[in-house]
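Chemist: Structure in structure tokens, see below.
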């Protein structure tokens, strides 16, 4: 009897905790922000959050109503991310979802998008599966794997110091890594770039000690490495490779992903000489970019990163689309997103009406010692080449 | 590169990897052997060691000075944990201490993240250690060889301590017949404290030497905890010599697996453990041989 | 002599009417809930709580009744879920019951050899081995890209109709239908498990928990019964896994991680070991709190850890049965 | 005639120490055999080996003609070899009734009836009740075992052992720490049992041993130094030396 009472009491308490939250204020337009704030990529998630917050602060209102951002931590775990997305939509009544890091998380949310029935704009996934995935799923920000591969292959051909090398391909073992590796290998072969291992190496994401892989690369006698790693691992790998003297022996590193600025700072000199295509670096010179960098640094006291700028531009595209749609209906916003464009720090970013994914210009960068700069950065990504959106594709 | 050079590379890599596993696992085993507590927060102490080392070196100290200070700090953290959290639980069943230290692991990892942030850290090494040394045709990083030397020194020192000093002999006795030791007038509390301080200090040493080998990030302790479990379960719980064999075995198997089949390296290690335990349920050397 | 049998101590009479009534009332209340309160978030959250409640309850069969600790019981939820998902994708997208049966049997088939190795070692090694084997399954699922979808997880799992004999009563893709299905399955599992732990078989498990050596010296084959207990727990976890994949339509390797395993352990602790209600309530509290804390702070691990430490230090028996355990502790 | 239970050169070493040294012993089908010896003589080790608690280093144990050396404990119990422990070993959090009931159930079978109630094993309950009455524990049947008086816990342990319907019962210092009254109670109990089954008693209380034993075996440094009737042992020269030193 007492047990039953106790249990009913517990149930009652739980319900009491639940019910007050049901009252939902109608006034602001709520946008759900899904970013990783814990786990290995938390720093990137934080920068994404900053970018979106900055956009919201600049934009201020949409449809005459204030923008309210509700931020949830995905922990880079798909099931948690889906639960959080459900919470943002069902409980908090968010009209759109933005953010995400990792293809797995992005795809898991997309799988549930029919149920959630809100537009979902990803600013940080590279998988090519996002092309024409779902009428409510969009990408604005971060080059997709196919675009990166084009950028890197074009970059390698354009640069005498990268051309005519034999490349060893090593990727992180998950869908993005596989996709990135395969795209690069296919394109490289078409363009006459030599690939040492077409059945590329797949390293577990948790790999900390890279010595076995480095020994393997040493044993292969290549003079170039193409790597597709989660960004915070790039300096780790570069540093360990440098410890074994790879870079000193003239081996060049080309990366499928752009490392974050704090990661580069941590890696220091070992990160010099990593090449890679990306859509932005603070070395990009145009008035919008220059102003944005300073504003961002002023506000968050951290070196402006590409994760932040993608999310900023993505958020701007979303807010403008809501404005254009004239209401917060999911379908209306989605229709407005198709074909929308925004002139931001890395030029015009247009969301293709054909496949819901963005097209924009990009750059090839090399990391090296930074010149004097307001951010106090010691390492930076120097812009070597610029590519037009049409060059990167995919064709529409 | 020649085959010999590659073989030398692999051999050295396995020893370096096995060495780090060994120091962490021995620390865990000492704590278990002497106080019968399986400290699941041991991996976090390893991470604390690495971060402490990073902070000390970043603040301008020489790496070798930091190498001496880090274990003292890690040992001190171990002391606080033992007194505040583990000691009150000593009388309760093993399940509670396991769960308690599991919680402690999450707590410490969270604290590490809050203190040092998420981005990876690197320990700056003295210039000479950044060089490579040519051995039989391969260029091998000097600091990895230094790491190997440090591992050897730590292990020899530990062996001498346990076999040659009075205190060490008492500790060994305490692991098998605690009643006897308390009869001789030694307070078992001090033995427990000593075990935690020594074990944690070893985790700290492992942390600072693993720092330059890998990356320092808040999750570094997790993987290490699992690996050191595999080591002590294969070697035999509480068996120090078993840990030595198991650590080297796993270092070799993991390195070879990463070199030749890449993808399934860790699966191979776990499979090997399952097979060994199916035939020797108490590990290679059996349970509780504290020597 | 015979008259004494009716009042045999230590063997509680089958459920008292009040308990049956309480159980029925809670079941009915939960059954009509989605029809009176149409909030998909909370319906979905309660579904999740019930699934994890079942998983926590299965862990409690091990921890609270057999005295064995499993750090990664979620691995068996994962195995069940993957198998059901794979069956639905590759074999038959409509055979719900067959898929679940295959998933649960497969979970048992995997758990059997693992359990056989585990019970051969001592109590502590058993616990450490659950961690190591759990990590092994996690790694396999994570690396076997072509089958499991690797890090991306298993996607595109169809939502079959729920058929009873020849009638279609719902679809697992509908949040309310999956909620009701989960409710019924969890209730059945609860009743059956309660029956089992109060059977002669349950008495053997309890004896092993209380005193393993003595149990062996009254003629119980301790290893074998530990293995049976383990199998029971893993099969229940497999059932939870089947529900999980039907509910989420997705499963990824992180569901099988050590972090997730710690969560399940905490549910049991929060609710109270050695009572079947406890873990269910513990799951509710845990999932709700987790939802709360992770929204409020990015440093939620600190609080998670702190809660575990405080629970073990000051409230080792959780919410349910706190009173009786406190009494026992004082006497000890 | 085939021996009921016998050992053949049974040895056990711990590290360098030989705790049981080539022991050969024959135990009869009924009656009370006591094993005595000074502290550290290896008495407990000896019965630990026979009952399967620790493996033998060498030698054999035979029970009713079959080799039972190093067999798993639970199989030995099923063959009718039961024991009690020097340090009380009972199911602390279970009731007295449940303590004996589980032991009886293990003997009678039915442990795999996963959907029945415990009450459905009727004859197990009846037998349990009989055992409790015989040992005078019926009034405490409802209590949790850990709340019993120390002496009653020792009796409970005998009850648990008896629930296995033993053919041979090893009692390891059953009277240790008991009051004279309790000792008296248990010694009468043991004597009574010895009329039906074979009992092996390890005991320090010499008066008790001398008064109730049928035969006595004396162990010293792991080997048998004497065996015989109580009167013979009392006057045995080597036994006196073992207990009192050579000068006695």
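The values are calculated or read from the model by the stated rules, or taken from the named source; none is laboratory data. Note that the structure is predicted; figures quoted are calculated from it, not measured. Here the Cβ positions follow ideal geometry from the backbone for every residue, glycine too, while neighbour counts run over all protein chains shown.
Chemist: Being surrounded by 18 or more Cβ atoms within 10 Å (Cβ to Cβ), at pLDDT 90 or above and within 11 Å of chain C (Cβ to nearest Cβ) is true for just one of D:33, D:83. Which residue is that? Let's see the steps before the verdict.
Modeler: Details: D:33 fails: within 11 Å of chain C (Cβ to nearest Cβ).
Exactly one residue qualifies, and that residue is D:83.
Chemist: Exactly one condition in (1) under 13 Å from residue C:219 (Cα atoms); (2) surrounded by fewer than 21 Cβ atoms within 10 Å (Cβ to Cβ); (3) in contact with a helix residue (DSSP H, G or I) (Cβ under 7 Å, 6 or more places away or on another chain) is false for residue D:100; which is it?
Modeler: (2)
Chemist: If the requirement is being more than 30 Å from residue C:157 (Cα to Cα) and at pLDDT below 90, which of these qualifies: C:45, C:69?
Modeler: Working: C:45 fails: more than 30 Å from residue C:157 (Cα to Cα).
Testing whether each residue is more than 30 Å from residue C:157 (Cα to Cα) and at pLDDT below 90 leaves just C:69.
Chemist: For region D:103-116, give me each residue that is more than 16 Å from residue C:66 (Cβ to Cβ), surrounded by fewer than 24 Cβ atoms within 10 Å (Cβ to Cβ) and at the interface with chain C (Cβ under 7 Å from one of its Cβ atoms). Steps first, please.
Modeler: To start, the set of residues in region D:103-116 that are more than 16 Å from residue C:66 (Cβ to Cβ) comprises D:103-105, D:107-110, D:113, D:115-116.
Checking which are surrounded by fewer than 24 Cβ atoms within 10 Å (Cβ to Cβ) leaves us with D:107-110, D:113, D:115-116.
Correct list: D:107, D:110, D:113, D:115, D:116.
Chemist: So, residue A:373, is that one in contact (Cβ under 8 Å) with a residue 24 or more places away in the chain, in the same structural domain as residue A:263 (by TED's automatic domain parsing), in contact with a strand residue (DSSP E or B) (Cβ under 9 Å, 6 or more places away or on another chain) and not in a strand (DSSP E or B) or not? Lay out the reasoning, then the answer.
Modeler: Numbers: in contact (Cβ under 8 Å) with a residue 24 or more places away in the chain: yes; in the same structural domain as residue A:263 (by TED's automatic domain parsing): yes; in contact with a strand residue (DSSP E or B) (Cβ under 9 Å, 6 or more places away or on another chain): yes; not in a strand (DSSP E or B): yes.
Criteria met by residue A:373.
Chemist: Which of the residues belonging to region B:70-113 are under 20 Å from the mean Cα position of the chain (by Cα) and surrounded by fewer than 16 Cβ atoms within 10 Å (Cβ to Cβ)?
Modeler: Matches in region B:70-113: B:72, B:76, B:80.
Chemist: Restricting to region A:329-351, name every residue that is in contact with a strand residue (DSSP E or B) (Cβ under 6 Å, 6 or more places away or on another chain) and not in a helix (DSSP H, G or I).
Modeler: A:340, A:341, A:342, A:348, A:349, A:350, A:351
Chemist: Checking the condition within 9 Å of chain C (Cβ to nearest Cβ) and at pLDDT 90 or above, which residue from A:70, A:37 passes? So that I can check it myself, show each step before the final result.
Modeler: On the way: A:37 fails: at pLDDT 90 or above.
A:70 is the lone residue from the list that is within 9 Å of chain C (Cβ to nearest Cβ) and at pLDDT 90 or above.
Chemist: In region A:111-121, is there at least one residue being farther than 15 Å from residue C:41 by Cα, part of a loop (DSSP other than H, G, I, E, B), at pLDDT 90 or above and away from chain C (no Cβ under 14 Å)?
Modeler: yes
Chemist: OK, next. Working only within region A:197-234, note down all residues that are farther than 29 Å from residue B:225 by Cα, without any contact (Cβ under 8 Å) to a residue 40 or more places away in the chain and buried (at least 21 other Cβ atoms within 10 Å of the Cβ).
Modeler: Within region A:197-234, A:200, A:218 qualify.
Chemist: Within region A:222-246, take every residue that is more than 23 Å from the chain's Cα centre (by Cα) and outside any helix (DSSP H, G or I) and give me the one that is farthest from the other protein chains (Cβ to nearest Cβ).
Modeler: Looking at the filtered set, the residue picked out is A:224.
Chemist: Further question on the same structure: Could you figure out which of (1) more than 9 Å from chain C (Cβ to nearest Cβ); (2) in contact (Cβ under 8 Å) with a residue 40 or more places away in the chain; (3) under 22 Å from residue C:45 (Cα atoms) isn't true of residue A:91?
Modeler: Status for residue A:91: all satisfied but (1).
Chemist: Can you find even one residue in region A:286-305 that is crowded, with 24+ Cβ neighbours inside 10 Å, touching a residue at least 12 places away in the same chain (Cβ under 8 Å), assigned to a helix (DSSP H, G or I) and within 14 Å of another protein chain (Cβ to nearest Cβ)?
Modeler: no
Chemist: Still on this model: Would you call residue C:185 modelled with pLDDT of 90 or more, within 20 Å of residue C:48 (Cα to Cα) and crowded, with 19+ Cβ neighbours inside 10 Å?
Modeler: Numbers: modelled with pLDDT of 90 or more: yes; within 20 Å of residue C:48 (Cα to Cα): yes; crowded, with 19+ Cβ neighbours inside 10 Å: yes.
In short, yes.
Chemist: Checking residue A:335 against (1) modelled with pLDDT of 90 or more; (2) under 28 Å from residue A:36 (Cβ atoms); (3) not assigned by TED's automatic domain parsing to the domain that holds residue A:388, only one condition comes out false. Which one?
Modeler: (2)
Chemist: Just name the residue that is farthest from the other protein chains (Cβ to nearest Cβ) out of those in region A:189-221 that are out of contact with any helix residue (DSSP H, G or I) (no Cβ under 9 Å at 6 or more places or on another chain) and assigned to a helix (DSSP H, G or I).
Modeler: If we filter region A:189-221 for residues that are out of contact with any helix residue (DSSP H, G or I) (no Cβ under 9 Å at 6 or more places or on another chain), which is where we start, we get A:189, A:199, A:220-221.
Checking which are assigned to a helix (DSSP H, G or I) leaves us with A:189, A:220.
Working: A:189: 22, A:220: 8 Å.
Applying the filter and picking the extreme gives A:189.
Chemist: Tell me which helices (runs of 4 or more DSSP H) are completely within region B:1-118 and hold 3 or more residues being within 10 Å of chain C (Cβ to nearest Cβ), or say none if there are none.
Modeler: Numbers: elements: B:3-35, B:42-58, B:63-81, B:94-116.
Those helices (runs of 4 or more DSSP H) span B:94-116.
Chemist: Can you tell me which of (1) within 14 Å of chain A (Cβ to nearest Cβ); (2) touching a residue at least 12 places away in the same chain (Cβ under 8 Å) is the one residue C:75 doesn't meet?
Modeler: Of (1) within 14 Å of chain A (Cβ to nearest Cβ); (2) touching a residue at least 12 places away in the same chain (Cβ under 8 Å), only one is false for residue C:75: (1).
Chemist: Now, a different point. Going by the conditions given, is residue A:164 more than 14 Å from chain C (Cβ to nearest Cβ), modelled with pLDDT of 85 or more and surrounded by fewer than 21 Cβ atoms within 10 Å (Cβ to Cβ)? Break it down stepwise before answering.
Modeler: On the way: more than 14 Å from chain C (Cβ to nearest Cβ): yes; modelled with pLDDT of 85 or more: yes; surrounded by fewer than 21 Cβ atoms within 10 Å (Cβ to Cβ): yes.
The answer is yes for residue A:164.
Chemist: Mind checking which helices (runs of 4 or more DSSP H) fall wholly inside region B:164-250 and carry at least 1 residues that are more than 10 Å from every other protein chain (Cβ to nearest Cβ) and closer than 30 Å to residue A:238 by Cβ?
Modeler: Details: elements: B:166-176, B:178-183, B:188-213, B:220-235.
Here the list reads B:188-213, B:220-235.
Chemist: Of all residues in region C:245-262, which are touching a strand residue (DSSP E or B) at 6+ places or on another chain (Cβ under 7 Å) and either at pLDDT 85 or above or surrounded by fewer than 24 Cβ atoms within 10 Å (Cβ to Cβ) (or both)?
Modeler: So in region C:245-262, the residues touching a strand residue (DSSP E or B) at 6+ places or on another chain (Cβ under 7 Å) come out as C:245, C:250-251.
Hits for region C:245-262 are C:245, C:251.
Chemist: Of all the helices (runs of 4 or more DSSP H) wholly in region C:166-266, which have at least 2 residues that are more than 10 Å from every other protein chain (Cβ to nearest Cβ)?
Modeler: Output list reads C:175-197, C:222-248.
Chemist: In region B:127-147, which residues are within 26 Å of residue B:221 (Cβ to Cβ) and exposed (fewer than 14 other Cβ atoms within 10 Å of the Cβ)?
Modeler: Result: no residue meets the conditions.
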